[in-house]
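Step one of this worksheet: look at the structure below.
No value in this document is a laboratory result; all are computed from the given coordinates. Here the structure is a predicted model, which is why all the values come from computation and not from measurement. Cβ: placed from backbone, ideal geometry, glycine included. Neighbour counts: every protein chain shown.
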Amino acid sequence: MYAIIRTGGRQYRAEPGLVLDVERLPQAEGEVIDLTDVLLLVGDDGEAQVGQPIVANAVVKATVVKQGRARKVFVWKYKPKLRYRRRRGHRQYYTQLRIDSIAGA
């Protein structure tokens, strides 16, 4: 059984036991959350329920494992012959989720 969920403007394939890095969520570590934006639900028999836009009464339960920051990404700006050079770094915040269960209609 798996589901396609939407969080933080992105879509993820969720299966029980899978660990996902998603956009930052306001929950604390160890907290259990319900993800209700389920776009597709595929059961063990292979039958798919497609949401329009979400599957009714479908819920994915997940536990917040960690709140963290990704590796630093450097952004360079350069204009030749003008002595213009800029370097900026960015570290994106993320939330690590462990998918516990998927319940659907």
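Sum up the charges of everything whose Cβ sits under 15 Å from the Cβ of I102, counting Lys and Arg as +1 and Asp and Glu as -1, but leave I102 out.
-3
Give the relative contact order (percent, whole number) for the chain; include only Cα pairs under 8 Å separated by 6+ residues.
The value is 33 percent.
Once Lys and Arg get +1 and Asp and Glu get -1 on their Cβ, which of Q92, V60, G8 lies farthest toward the positive end of the dipole of the chain?
Among Q92, V60, G8, the one farthest towards the positive end of the dipole of the chain is Q92.
Roughly how many debye, to the nearest 20, is the charge dipole of the stretch 1-77 about its Cα centre, given +1 on each Lys and Arg Cβ, -1 on each Asp and Glu Cβ, and no other charges?
That gives a dipole near 740 debye.
Tell me, what are the semi-axes, in whole angstrom and largest first, of the equivalent ellipsoid of the stretch 2-103 as set by the roots of 5 times the Cα gyration tensor eigenvalues?
The three semi-axes for the stretch 2-103 are 37, 17, 10 Å.
Using the Cβ atoms and a cut-off under 10 Å, what net charge is assigned to the surroundings of I54, where Lys and Arg are +1 and Asp and Glu are -1?
Result for the local shell: 0.
Please compute the net charge surrounding A3, taking Lys and Arg as +1 and Asp and Glu as -1 over other residues with Cβ under 14 Å from its Cβ.
-3
If we sort 6-12, 61-67 on the protection proxy, mean other Cβ atoms within 10 Å, highest first, what's the order?
61-67, 6-12
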